Amino acid sequence: MCRNIKTLYNFDPPATEDEVKSASLQFVRKLSGFTKPSKQNEEAFNRAIDEVAVVAQKLLDSLVTTAPPRDRDVIAQRARERAVKRFGLQGSQAA
């Protein structure tokens, strides 16, 4: 589950609200052990996602660096290259 959480800091363009929300969802799923909560736990689960997203966005907004922003395309290409080396995937399968 947590392998889906990607680094969101210091990218150009900055992380979107949807990216922060997706990372928050993965984090709450990992903590709770649920991929989909029961009806009884759904409200608490969704509230946790929203609260984690708010805190995560505050963190991203408050961090400071002197490093130049990373390029999303370059990082994605490196990930595809690692996947090819690791799994032997080619073309669109490596994405």
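A short reminder: the numbers here are calculations on the coordinates, not readings from a lab. Here the structure is a predicted model, which means the values were calculated and not measured. Glycine gets a Cβ as well: all are built from the backbone with ideal geometry, and neighbour counts include every protein chain shown.
Values for this structure:
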read-out	value
Scope segment 25-46; condition under 18 Å from the mean Cα position of the chain (by Cα) and either within 26 Å of residue 10 (Cβ to Cβ) or part of a helix (DSSP H, G or I) (or both); matching residues	25, 26, 27, 28, 29, 30, 31, 32, 45, 46
Any pair with Cβ under 9 angstrom, 6 or more apart, that starts in segment 11-32 at a residue that is surrounded by 13 or more Cβ atoms within 10 Å (Cβ to Cβ) and ends at one that is of a type in the set (Phe, Trp, Tyr) and not in a helix (DSSP H, G or I)	15/9; 28/34
So residue 73, is it surrounded by fewer than 17 Cβ atoms within 10 Å (Cβ to Cβ) and within 15 Å of residue 6 (Cα to Cα)	yes
